[in-house]
Amino acid sequence: MFRYLFLLACLLAPLAALSAHAADYQNALSKASERKPVVLFCYGANYDKVSEEKYELFVKKRKIMKYARGAIFLAVPVYQSPNEKEMREYKKVMGDAGLPGGIWSYPCLAVVDGSGNLRGIVQSADEMKDPETAGAALALIIDAYGDQEKLLKKARGASGKRQTGALAEAADMKDVRMPGNPLGNGGNTGLGSLATNATGMLEVGQKMQEMSLAEAARYMRSLIADGYYSRRQRQEILAAYSGHVRRNGGSAARLRAIYYEMRNIDPTSIYGAYAEGAIKLWVEPREAAGEPAYQPKPSTGKTALGDTKKQ
């Protein structure tokens, strides 16, 4: 008998480790930790056959659980035009909380931290086509979440350049999103405020409006050299500067140099793709009309715009 119970316990233990179900959303949030986020399976209930089929396969048959990395799991029915009974069913799971912002398609797998921040999501039809594909994408997010939380913990225990350096590294992680308040104390750093909203980049562009091209170039360089910004932020700063150059009669050669620099920071990002498109849209027609083309110089430790690189 003891041997039988021991074998049964060994068989059940891995299943228990796959994920932990929560009774409701607030309960799930309370159980979340730096290593263990909440995973919401949001599906269109009583109207979306695809969602209901995926719910049966992913959740009821537990096909997704082995990819959940021990996260707190919660299935959330989302009704199209809920009646009173359906409203009660939704509130039974979510209480008075709405779904995290950033969810635009059902079914989906949303990864949420203990404060309710959406940290990553699997929601395209291609990603959600089967448990294996969705699970692989989910596992990447959960693993990246744990790594990012370590960096954010490091940032909260640091100050000055060490803090902004840790925040920059966290912001650059591709498979996971930054939380709304990365320092967890309501405070701002130069990078913290820019890493989590677009307002900071708008302010950069607005400041450049009153500057000459030379002044704007120096301002842009000072931000990139001294701000400890993430790769994405450096690309955004260059994008703001490129717009200033276009609006103020800068040369095609200067624009091409900017876009090369923006692309080379991270060719795989949205700004890397934007830079490639901007060259075709804004630079090549002017070069075809007779403007001198940009001629890269031999490497001298300087950027394409002639400023010393920070090593």
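For segment 79-141, what ratio Rg/Rh do Cα atoms give with a Kirkwood hydrodynamic radius? With Rh from the inverse mean 1/r over Cα pairs, Rg/Rh is 1.02.
Relative contact order for segment 199-288 using alpha-carbon pairs under 8 Å, separation at least 6, rounded to a whole percent? If you can, show how the numbers build up before the last one.
Values: 77 pairs, mean separation 23.5, N = 90.
Relative contact order of segment 199-288: 26 percent.
Listed by chain and number, the aspartates and glutamates whose alpha-carbon sits under 17 Å from that of Lys54, ignoring those within fewer than 8 places in the same chain, are Asp126, Glu127, Asp130, Glu132.
Once you have a ≥ b ≥ c as the square roots of the Cα gyration tensor eigenvalues for segment 16-190, tell me rounded if a/c is under 1.5, and otherwise prolate or oblate according to whether a/b is larger than b/c.
Working: a/c = 2.16, a/b = 1.71, b/c = 1.26.
It comes out prolate by the Cα gyration axes.
Sites listed here are GluC sites (Glu not before Pro) in segment 203-242 whose DSSP assignment is loop and whose Cβ has at most 15 other Cβ atoms within 10 Å: Glu210. Here Asp130, Asp113, Asp24 are placed in order of increasing Cβ neighbour count within 10 Å, fewest first, which gives Asp130, Asp24, Asp113. Listed cross-link partners Lys63/Lys92; Lys60/Lys153; Lys31/Lys153; Lys36/Lys154 are compared with a 29 Å cut-off, the Cα-Cα value being larger for Lys60/Lys153.
Based only on other Cβ atoms within 10 Å, what is the fewest-to-most ordering of Thr164, Thr268?
Numbers: Thr164 21, Thr268 8.
Placing the least packed residue first, the sequence is Thr268, Thr164.
We did not get these values from a lab; they are worked out from the coordinates using the rules stated. Computed from a predicted structure; not experimentally measured. Cβ coordinates were reconstructed from backbone atoms using ideal geometry, including for glycine residues, and neighbour counts include every protein chain displayed.
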